[in-house]
Amino acid sequence: MTTNLPEFSTQIPGTEAPLEMLAACHRRIEAQCTSLRRLVPHLLAHGADDAARTAAISLMRYFDTSALHHHADEEEDLFPALIESMAGSDALCLREIIAGLTADHRALEACWRHLRAILERIAAGECVPLLVDDVEALAVRYEHHIEREESELLPMAARLLSDADLARVGRAMRVRRKIDEV
């Protein structure tokens, strides 16, 4: 392959710092979107060669597990913790943010399902087109979603959640990932 595709080597903070871990996960999502974008011209130039098949497998592994864990971390743990901690004028704003981000998750997952079907065929060695528009639908939607989380949700969470709330979120993240507590 003419360009390197990012892998899973980026270190991320642990579940003891759940907000930082969520932000670091955003960098990994962006790296995977970059890989997906790079795969489009690679397939045109080289077809479903070993590098393309390996990239497709890595992308499927990431978006089938880590990205879904990230959505669950937010919807099942962070969002409820924030709602419980709501006070005053934050309540309406927070509910709107959470509703929008949850809808984004469903739209992202739908985009992913479409791309996954194509990547599955590439991973099997089929030379099928990976359309720029399909890739951009996912990548751009993630860019906007991440921007909203980092500019609105995570700062609000840092302000509203207590250390005990964050510890509960971190524990739930460990359970979801089957990480043994130390």
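Here is how the numbers come out for the structure above:
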quantity: Qualifying positions in segment 117-135 - in a helix (DSSP H, G or I), among the charged types (D, E, K, R) and out of contact with any helix residue (DSSP H, G or I) (no Cβ under 8 Å at 6 or more places or on another chain); calculated: Arg121, Asp133
quantity: The one condition in (1) surrounded by fewer than 17 Cβ atoms within 10 Å (Cβ to Cβ); (2) over 21 Å from Asp104 (Cβ atoms); (3) at pLDDT 95 or above that Thr34 fails to fulfil; calculated: (2)
quantity: Residue within segment 141-152 that is in a helix (DSSP H, G or I), over 26 Å from Arg37 (Cα atoms) and without any contact (Cβ under 8 Å) to a residue 60 or more places away in the chain present; calculated: yes
quantity: Neighbours by Cβ (under 6 Å, 6+ apart or cross-chain): first from segment 31-44, touching a residue at least 60 places away in the same chain (Cβ under 8 Å); second surrounded by fewer than 22 Cβ atoms within 10 Å (Cβ to Cβ); calculated: Cys33/Ala139; Cys33/Tyr142; Leu36/Val135; Arg37/Val135; Val40/Val132; Val40/Val135
quantity: Conditions (1) more than 25 Å from Ala48 (Cβ to Cβ); (2) surrounded by 12 or more Cβ atoms within 10 Å (Cβ to Cβ); (3) more than 19 Å from the chain's Cα centre (by Cα); (4) of a type in the set (Lys, Arg); number of the one not met by Arg159; calculated: (2)
quantity: Ser66 vs. criteria crowded, with 16+ Cβ neighbours inside 10 Å and over 17 Å from the mean Cα position of the chain (by Cα); calculated: no
quantity: Meets criteria (in contact with an Asp or Glu (Cβ under 8 Å, 6 or more places away or on another chain) and either over 19 Å from Arg27 (Cβ atoms) or part of a loop (DSSP other than H, G, I, E, B) (or both)) for His114; calculated: yes
quantity: Filter result for Arg177 (basic (Lys, Arg) and closer than 24 Å to Ala48 by Cβ); calculated: no
quantity: Residue list for segment 41-50, restricted to those being part of a helix (DSSP H, G or I) and either surrounded by fewer than 17 Cβ atoms within 10 Å (Cβ to Cβ) or at pLDDT below 95 (or both); calculated: Pro41, Leu44, Ala45, His46, Asp50
quantity: Residue match in segment 164-173 (condition: in contact (Cβ under 8 Å) with a residue 12 or more places away in the chain, under 29 Å from Ser35 (Cα atoms), buried (at least 16 other Cβ atoms within 10 Å of the Cβ) and touching a Ser or Thr at 6+ places or on another chain (Cβ under 6 Å)); calculated: yes
quantity: Criterion violated by Cys127 - all others in (1) modelled with pLDDT under 95; (2) surrounded by 17 or more Cβ atoms within 10 Å (Cβ to Cβ); (3) among the hydrophobic types (A, V, I, L, M, F, W, C); (4) within 25 Å of Asp50 (Cβ to Cβ) satisfied; calculated: (2)
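The values are calculated or read from the model by the stated rules, or taken from the named source; none is laboratory data. Keep in mind that this is a model prediction, so the values were computed, not measured. Counting neighbours? That spans all protein chains shown, and the Cβs are built from the backbone with ideal geometry, glycine included.
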